[in-house]
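Below is one structure, written out as structure tokens; the observations come after it.
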There are 4 protein chains.
Amino acid sequence: MTEKLAIIGGGGLTGRELLKLLSHHDGFEIIHITSNQVNGKTLREVFPSEAYLPNLTFAKHDSEIPKDCTVVLATPNEASLDMAPKLLKKGHRVIDLSGTFRLHDKAKFEAVYKFQHTAFDLMEQVVFGIPELFRLKIKGAKFVSNPGCFSTSAILPVALLGDLRKKIAGPVIIDSKSGVSGAGGRTEEITFAFTHVYENFRAYKILSHQHEPEISEYMATGSEPLELIFTPHLLPVYRGILSTIYINFKEDVSESEILTQYQKSMAGETFLRLLPTPEAVELRNVQNTNFLDIGFRMRGNTLVIVSALDNLGKGAAGQALQNLNLMHGYDEGKGLVGR
Amino acid sequence: MTEKLAIIGGGGLTGRELLKLLSHHDGFEIIHITSNQVNGKTLREVFPSEAYLPNLTFAKHDSEIPKDCTVVLATPNEASLDMAPKLLKKGHRVIDLSGTFRLHDKAKFEAVYKFQHTAFDLMEQVVFGIPELFRLKIKGAKFVSNPGCFSTSAILPVALLGDLRKKIAGPVIIDSKSGVSGAGGRTEEITFAFTHVYENFRAYKILSHQHEPEISEYMATGSEPLELIFTPHLLPVYRGILSTIYINFKEDVSESEILTQYQKSMAGETFLRLLPTPEAVELRNVQNTNFLDIGFRMRGNTLVIVSALDNLGKGAAGQALQNLNLMHGYDEGKGLVGR
Amino acid sequence: MTEKLAIIGGGGLTGRELLKLLSHHDGFEIIHITSNQVNGKTLREVFPSEAYLPNLTFAKHDSEIPKDCTVVLATPNEASLDMAPKLLKKGHRVIDLSGTFRLHDKAKFEAVYKFQHTAFDLMEQVVFGIPELFRLKIKGAKFVSNPGCFSTSAILPVALLGDLRKKIAGPVIIDSKSGVSGAGGRTEEITFAFTHVYENFRAYKILSHQHEPEISEYMATGSEPLELIFTPHLLPVYRGILSTIYINFKEDVSESEILTQYQKSMAGETFLRLLPTPEAVELRNVQNTNFLDIGFRMRGNTLVIVSALDNLGKGAAGQALQNLNLMHGYDEGKGLVGR
Amino acid sequence: MTEKLAIIGGGGLTGRELLKLLSHHDGFEIIHITSNQVNGKTLREVFPSEAYLPNLTFAKHDSEIPKDCTVVLATPNEASLDMAPKLLKKGHRVIDLSGTFRLHDKAKFEAVYKFQHTAFDLMEQVVFGIPELFRLKIKGAKFVSNPGCFSTSAILPVALLGDLRKKIAGPVIIDSKSGVSGAGGRTEEITFAFTHVYENFRAYKILSHQHEPEISEYMATGSEPLELIFTPHLLPVYRGILSTIYINFKEDVSESEILTQYQKSMAGETFLRLLPTPEAVELRNVQNTNFLDIGFRMRGNTLVIVSALDNLGKGAAGQALQNLNLMHGYDEGKGLVGR
């Protein structure tokens, strides 16, 4: 059987990545796709580098969505806020890639996103889409919120520490470096001009990035709140996020305790890989994959973790497909692991 | 049914690309893979960025090749010269990626490759692996020689001109620009150090590149010999070859004659795309695909053609898989076009 | 003594390059600089990476230009057309970096630039600013037109062939590859976004680039008209232009004739370098310099020349300074050759 | 008057950078330069991109050094250990760019550098070459040890905090990102191949980099010892180092206290620039300069500092020239600030 999919806002990098992944997945059929920038064009015109594409034309965002399909919202925050409640009411399953349905603290949401959240009751229903943390809830879920691209690279290495998190002293420091496709490279801002990015490097939105609150909320899942310092940087590469994470413990924690904990947390996980050293974690090992690689080292009570993922893969479309598989009862790795 | 494959010299970029493509192809099973550099290691260790890999360990080049399998020779020229005759004698089908079995002029071969060709009788049997030119011969063939990465980007735009080639005056000028993975980027030479390639550009092996003779031979397929000037350049990109080709005609040839001829030559071809302008031909449209894109413009009697392909795709592993499909009776695009 | 300079349109890449060069030249004092984009800002604010900068604030383009200064017009074509005649009338020396005063064929000018040339009488007075061709006229000149960035890399290798040009058959083919700063990288177009340039390569404006007519005119200086085919490409590098030039001769011309001619034409030239092979010509050898490097090879009657320069150096600001030196009686290399 | 210089090991990137800087400095005359890799070649052959070069040929390392010259040792650690004592005994002034004479803790030195320090008595005499910390001692000094490229970017932002350092709790965390020319890009290791660096990013030598001990020693200059966590990363850029530094304070420290302290520490410093925000610190503002840019932000008791310099400028040759100027009584910025 084939499930029907509609992709709202499918003309961007995440849309293209999802189409690429679905070209090797026979369980979903895309029946509707929209874009306000390229509507009226065929998928073939917009994505000439894709070998396989459904024979579809981009519709406008506000065109009617066919019944009986699952809807992927790759839309701006306000559009998701507007559409998600209506779609759910009509009985669609929804996976939202915007930041609108991630934070359970309404005041914090409105401080970060600068608009009023008019459907906050849905926060009781929505599941945060990191399968390694919320697999049981995602299975068969009606409404999933897919995490921000930085978030998965930051949340999992901390959350997987389990009870060791209770020994953390002071803020968790997350120093993240993102390729341009993650940082917003499709927008036509001068900041992303070749002459501004190439042979350059800089930090941005220090302590004010919109992903910080969701990292803060979910890295503490099942434990007590943790302080967080988050510094994103812009790499002159196309895709990939590498995060270097610094954690101080109140009391003695040994390297082997960390190892044991990580091995336990990652046991049986297809897409999490614990590498023997943090230096073995490289962007090129995770680009175009759904893997999250992790390595670590300790000195005294300080733990240094390096994690890496593909911001368009495990950081966006790959994880979305992982969630879509779970929502529809497919093997979690279908379309993501070959064959 | 599944055909068995052995890949000799599978530890390099072409080997990895073939493994990636085969992860979406259920008609071949790799049962043997060798490498002299990484033998003893598993595929998973050598190619950490691949989602799906056969559960195999790299053997040495000289380890015994299992019976009843098709052999992919991704080996240096001398190794192919040594192995191909023996394998054919034992009944294996063979596809050779080296330059050893491409030239039908023995003197020219030995001048270019600087060693004696001791199996030149096989030149009567081998088929040159560009399906768009030699499809009927490749179907079911026992022995195919896969073209060099520059060659396909240069041969097809000229050969597809058909009878118009008879009107060509003076040399065909082929100005090619290749990414590092095509130009030999795996070798540990200082020439391919980041500090020598990045923010740099240069020509190399002008009028002496080893692919020039095979371009010369095959671009004239079915027509009279043509003179050739071939200038390869090294681009600071990872993958892709773009060739700008200049042809002068003896007599008036109109843009619409070219268009008609190309439309005819490319009719029904899945992997050849004629674009409306030569400016629309870009590396990023062909990277990670098996497409060859072509565009052209004329002024007076001069024709300017721009072509592009992925040196690891249509320029190497993609075309090899296209050939393997034909050799074994599969759909030509299986594993190359999604779904 | 110090000459006074005004730079109109000094807020871009060429302006910055000229300021950088003048930081090592004590013969010019910049007393006025304008920009419509960053007026009101100090040079220090706009160019934080420059060690030495005059203590000036950017004025608006239309602010009054002080008397007794030489004016550098780094302005769009129409602005140059408007300002140059007025400035010359007031007695200013002028060097114009736009395309407005380069072509002596009015019809061709208006076809290329799409506006009427209302000061065409100045074409009798203006000197084209390639010192290696027009040194005597530039010395003490009142009005110099600085060439386009592609032009010098294409004109000189042909013009320096001297009388051998009379033996050329068919069009001179110039296949040029430019870094982003030359191709227009400051403009905020999506075409120059990191995600469109990086790991990409393409041709643009084939047979329609605005520099083609001036290359055509000046490469034939002192000889008969030559046909031209010009194909610019966009490299994913910041600075530098490499041109590969193909010339067919009607009759036998030997490699040693070319060598003798080039040695003669380049004798005593500080900024022209004839390299032993065309492969030795690399962008990295000319970046941040005022050099034009040339190498060549022949096969039969076909000559392949490779030339390289820095589009912001010998292709723009460096050559402008070379011209300014000649206009004011300084050593031609002052500020360009160190010490 | 002109001081005479000999450069031992001048064939690398630092040598070239020093030659470039000295081309605009009339106070030094290079009379001797050596290289074991390119000896016998002229400077012009080895550095074709330099406009001005002394008319010299590279000698071998062990060739006799002329009397009465200051010696720049751009040599491996062991060579510096061997040569520095002998040269000082003969009366030469010496500036050493190796790591041999930086650490005052002999046990730590031998643990890091894995060889015995046989001239440790010189540690009482040598001055560490950061003028902003040790200017008075460097003036007229006989023996200066130039810091490692990472070190200046890490030491100064901490050391300039002055007495505020006494309030620091836990380790200072320094997350540094370096371009390839700083990380060792000249060595012919596969790690620095284009295919390994481009479109990639990774950490290396976490908690084991040889610059960590000198950062540790000198960032505490004039204060009590501080703990340190140092993580270097390899950027796919040519030049530049950006360090993101995280400091927790034991007690309340306000943003304005930091500002006041930095303004005081940097007052009158030509090459230190305090920027209004940490996001304004970018590699491109410091490349090809001798500047160190610093910006910061606080949340609670945590301070985030971003610093940037050019690893070949303020991180190596630029700072060496600053030191050479001080050693010989020139203006500190001569050759570094234009005009």
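The values are calculated or read from the model by the stated rules, or taken from the named source; none is laboratory data. Please read all numbers here as calculations on a predicted model, not as lab measurements. For neighbour counting, all protein chains shown are included, and Cβ atoms are generated from backbone atoms with ideal geometry for every residue, glycine included. These area figures cover heavy atoms from the full protein model, side chains too; ligands, DNA and RNA do not enter into them. Shrake-Rupley method; radii C 1.70, N 1.55, O 1.52, S 1.80 Å.
B:F58 - would you say it is open to solvent by less than 10 Å² (accessible area, probe 1.4 Å) and over 30 Å from B:L274 (Cα atoms)? I'd like the intermediate steps shown before the answer.
On the way: open to solvent by less than 10 Å² (accessible area, probe 1.4 Å): yes; over 30 Å from B:L274 (Cα atoms): yes.
Yes, satisfied.
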Could you tell me whether A:S176 is within 14 Å of another protein chain (Cβ to nearest Cβ) and open to solvent by less than 10 Å² (accessible area, probe 1.4 Å)?
yes
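I need the full set of residues from the stretch B:1-44 which are of a type in the set (D, E) and at pLDDT 95 or above, in order please. Before you say what the answer is, go through the steps one by one.
First, the residues of the stretch B:1-44 that are of a type in the set (D, E): B:3, B:17, B:26, B:29.
B:E3, B:E17, B:E29 - these are the residues of the stretch B:1-44 that are of a type in the set (D, E) and at pLDDT 95 or above.
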Filter the stretch D:254-278 down to the residues that are within 14 Å of chain A (Cβ to nearest Cβ), open to solvent by 40 Å² or more (accessible area, probe 1.4 Å) and within 21 Å of D:K177 (Cα to Cα) and list them by number.
D:T277
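Any idea which residue in the stretch A:282-305 is most open to solvent (accessible area, probe 1.4 Å), counting only those that are part of a strand (DSSP E or B) and either without any contact (Cβ under 8 Å) to a residue 12 or more places away in the chain or within 16 Å of A:I241 (Cα to Cα) (or both)? It would help to see each step written out before you state the result.
Going through the stretch A:282-305, the residues part of a strand (DSSP E or B) turn out to be A:282, A:292-299, A:302-305.
Then keep just the ones that are either without any contact (Cβ under 8 Å) to a residue 12 or more places away in the chain or within 16 Å of A:I241 (Cα to Cα) (or both); that gives A:282, A:292-295, A:299, A:305.
On the way: A:E282: 28, A:L292: 0, A:D293: 1, A:I294: 0, A:G295: 0, A:R299: 85, A:I305: 0 Å².
Only one residue fits best here, namely A:R299.
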Provide a single number: the residues in the stretch C:139-180 that are of a type in the set (G, A, S) and outside any strand (DSSP E or B).
9
Take the stretch C:96-108 and flag every residue that is touching a Phe, Trp or Tyr at 6+ places or on another chain (Cβ under 8 Å) and touching a residue at least 40 places away in the same chain (Cβ under 8 Å).
C:D96, C:G99, C:T100, C:F101, C:R102, C:L103
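In the stretch D:130-163, what residues are in contact with an Asp or Glu (Cβ under 7 Å, 6 or more places away or on another chain) and not hydroxyl-bearing (S, T, Y)?
D:P131, D:E132, D:N146, D:P147, D:G148, D:L156
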Of the conditions (1) surrounded by 19 or more Cβ atoms within 10 Å (Cβ to Cβ); (2) within 14 Å of another protein chain (Cβ to nearest Cβ); (3) of a type in the set (D, E, K, R), A:R93 fails just one. Which one is it?
(2)
Search result, residues across the stretch C:198-227 that are within 12 Å of chain B (Cβ to nearest Cβ), among the hydrophobic types (A, V, I, L, M, F, W, C) and open to solvent by 20 Å² or more (accessible area, probe 1.4 Å):
C:L207
Where a residue in the stretch D:213-227 is within 16 Å of D:K106 (Cα to Cα) and assigned by TED's automatic domain parsing to the domain that holds D:K167 and its partner, wherever it lies, is open to solvent by 80 Å² or more (accessible area, probe 1.4 Å) and charged (D, E, K, R), with Cβ under 6 Å and at least six apart:
D:P213/D:K108
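Quick check on the stretch D:311-333. Is at least one of its residues on the phi > 0 side of the Ramachandran plot, at the interface with chain C (Cβ under 10 Å from one of its Cβ atoms) and modelled with pLDDT of 95 or more?
Here is the first cut: in the stretch D:311-333, the ones on the phi > 0 side of the Ramachandran plot are D:329.
From what is left, the residues that are at the interface with chain C (Cβ under 10 Å from one of its Cβ atoms) are none.
Taking every residue of the stretch D:311-333 in turn, none turns out to be on the phi > 0 side of the Ramachandran plot, at the interface with chain C (Cβ under 10 Å from one of its Cβ atoms) and modelled with pLDDT of 95 or more.
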How about the stretch D:118-138: which of its residues are more than 18 Å from the chain's Cα centre (by Cα), hydrophobic (A, V, I, L, M, F, W, C) and outside any helix (DSSP H, G or I)?
D:A119
Quickly run through the stretch B:228-250 and pick out the residues that are open to solvent by less than 10 Å² (accessible area, probe 1.4 Å), among the hydroxyl-bearing types (S, T, Y) and facing chain C (nearest Cβ under 9 Å).
B:T231, B:T244, B:Y246
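Return yes or no: is D:F271 within 20 Å of C:Y52 (Cβ to Cβ), touching a residue at least 60 places away in the same chain (Cβ under 8 Å) and aromatic (F, W, Y)? Break it down into steps so the answer makes sense when it comes.
Values: within 20 Å of C:Y52 (Cβ to Cβ): yes; touching a residue at least 60 places away in the same chain (Cβ under 8 Å): yes; aromatic (F, W, Y): yes.
Spelling it out, D:F271 is indeed within 20 Å of C:Y52 (Cβ to Cβ), touching a residue at least 60 places away in the same chain (Cβ under 8 Å) and aromatic (F, W, Y).
Taking the condition of being open to solvent by less than 70 Å² (accessible area, probe 1.4 Å) and either within 17 Å of D:A6 (Cβ to Cβ) or within 25 Å of the chain's Cα centre (by Cα) (or both), how many residues in the stretch D:25-50 meet it?
Pass one, the stretch D:25-50, residues open to solvent by less than 70 Å² (accessible area, probe 1.4 Å): D:25, D:27-28, D:30-35, D:38-40, D:42-43, D:46-50.
Among the residues that remain, those that are also either within 17 Å of D:A6 (Cβ to Cβ) or within 25 Å of the chain's Cα centre (by Cα) (or both) are: D:25, D:27-28, D:30-35, D:38-39, D:42-43, D:46-47, D:49-50.
Number of matching residues: 17.
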